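The values are calculated or read from the model by the stated rules, or taken from the named source; none is laboratory data. Because the structure is predicted, anything quoted here is derived from the model rather than measured. When we count neighbours, we look across all protein chains shown, and the Cβ atoms used for this are built from the backbone with ideal geometry, even at glycine.
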Amino acid sequence: MNVENVVKETVKKYGLMKKSDKVVVALSGGKDSTSVLYILKGLGYDVHGLMIDLYLGKWSDVHRENMVRFCGELGVPLTVVDLKAEIGQGICFVKAVLAKKKGMTGCSVCGIVKRWILNRWARKLGADVVVTGHNLDDETQNVLMNFLKGNVSLGAGMGPATGNGVSGDGFVQRVKPLFFVPESEVLRYSKDKGFDILYDRCPCAFGTYRVDTREWMGCLGDGEKRKIVGGFMGVVGGLKGDEREMRKCERCGEVSRGRVCKACAIFSCLK
């Protein structure tokens, strides 16, 4: 697979961004976000890196150092958001408190906090779109997890443009140029390019529903993953459930489906 061509075709087919857009790429420091930043820069887009320091010890330190160097070599501006400066705590403390008080475990807490920060900072940076490094395997996991949990409606509007159809002041469109690229191909691409990055998974990624799903998905081929995601997009992706008006959170002023956003609900538990 020519990963660069697939990204180029996906961007064009789904109208993910224009050359005149300011494109903020959410960087974790891993292979996916590093690769998509590199590809979009090479295609001539105005890219700006945005990274959140989650305070996961040495793992976070190495990723941050790698991205500072990588973006410097590419001539790409990089903004690093300090999680403790934003919410007062590192992600491990946040997850421990939520597990004890609300029984929330896994990657959901981290995902909510990161989305809140990404949207907030993308808007501060004047972004037209936020790019994430989600690949075909990630999307297949989402489909299967939602199906098995009975939350199929969460896939309404699913596609390379997350939340397509959502309206509301302050919402920055999130897009996924690697949507149709298998993880194995991203891995091959990043290693062929010789990216000096850390390939270890998140140290918190164990004993979660997503990790379990990823493991038993090992029996699926890339073609089967495409059929699962493509079929889900065709059946569920067009549901009107995603055409929703966003509100303003009463506490932080960020976009929210309810009176209080999920992030603020989490932050209130930390007090």
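For the structure I just gave you, tell me whether GLY88 is over 30 Å from ARG226 (Cα atoms), out of contact with any Phe, Trp or Tyr (no Cβ under 7 Å at 6 or more places or on another chain) and of a type in the set (Gly, Ala, Ser). Against the criterion (over 30 Å from ARG226 (Cα atoms), out of contact with any Phe, Trp or Tyr (no Cβ under 7 Å at 6 or more places or on another chain) and of a type in the set (Gly, Ala, Ser)), GLY88 qualifies. Note on region 24-69: residues that are of a type in the set (Phe, Trp, Tyr), over 20 Å from GLY90 (Cβ atoms) and not in a loop (DSSP other than H, G, I, E, B) total 1. Residues that are touching a helix residue (DSSP H, G or I) at 6+ places or on another chain (Cβ under 7 Å), surrounded by fewer than 19 Cβ atoms within 10 Å (Cβ to Cβ) and modelled with pLDDT of 95 or more within region 54-76 comprise just one, LEU74.
Could you tell me how many of the residues in region 254-267 are more than 21 Å from the chain's Cα centre (by Cα) and at pLDDT below 90? Summing the residues that are more than 21 Å from the chain's Cα centre (by Cα) and at pLDDT below 90 in region 254-267 gives 1.
Of all residues being out of contact with any helix residue (DSSP H, G or I) (no Cβ under 6 Å at 6 or more places or on another chain) and outside any loop (DSSP other than H, G, I, E, B) in region 134-143, which is farthest from ARG201 (Cα to Cα)? Just the residue, please. Filtering first and then ranking leaves ASN142.
Would you check if VAL11 is out of contact with any Asp or Glu (no Cβ under 6 Å at 6 or more places or on another chain), closer than 18 Å to SER184 by Cβ, in a helix (DSSP H, G or I) and of a type outside the set (Phe, Trp, Tyr)?
It is false that VAL11 is out of contact with any Asp or Glu (no Cβ under 6 Å at 6 or more places or on another chain), closer than 18 Å to SER184 by Cβ, in a helix (DSSP H, G or I) and of a type outside the set (Phe, Trp, Tyr).
Within region 29-76, the only residue that satisfies the criterion of being aromatic (Phe, Trp, Tyr) and in contact with a Pro (Cβ under 6 Å, 6 or more places away or on another chain) is TRP59.
Contact map, region 123-148: residues that are more than 21 Å from GLY15 (Cβ to Cβ) and in contact (Cβ under 8 Å) with a residue 24 or more places away in the chain paired with residues that are in a strand (DSSP E or B) and aliphatic (A, V, I, L, M), Cβ distance under 9 Å, separation 6+ or inter-chain. Pairs shown: LEU125/VAL24; LEU125/LEU50.
State whether the residues of region 70-87 include one that is part of a loop (DSSP other than H, G, I, E, B), farther than 16 Å from VAL172 by Cβ and under 16 Å from the mean Cα position of the chain (by Cα). Scanning region 70-87 turns up no residue that is part of a loop (DSSP other than H, G, I, E, B), farther than 16 Å from VAL172 by Cβ and under 16 Å from the mean Cα position of the chain (by Cα). Per the listing LYS225, LYS191, the residue uniquely modelled with pLDDT of 80 or more and surrounded by 15 or more Cβ atoms within 10 Å (Cβ to Cβ) is LYS225.
Among the residues of region 102-133, those identified as modelled with pLDDT under 95 and in a loop (DSSP other than H, G, I, E, B) are LYS102, GLY103, MET104, THR105, GLY106, CYS107.
Of all residue pairs spaced 6 or more apart or on separate chains, those with beta-carbon atoms under 9 Å, a first member in region 81-104 that is without any contact (Cβ under 8 Å) to a residue 60 or more places away in the chain and a second member that is charged (D, E, K, R) and surrounded by fewer than 15 Cβ atoms within 10 Å (Cβ to Cβ) are GLY90/LYS84.
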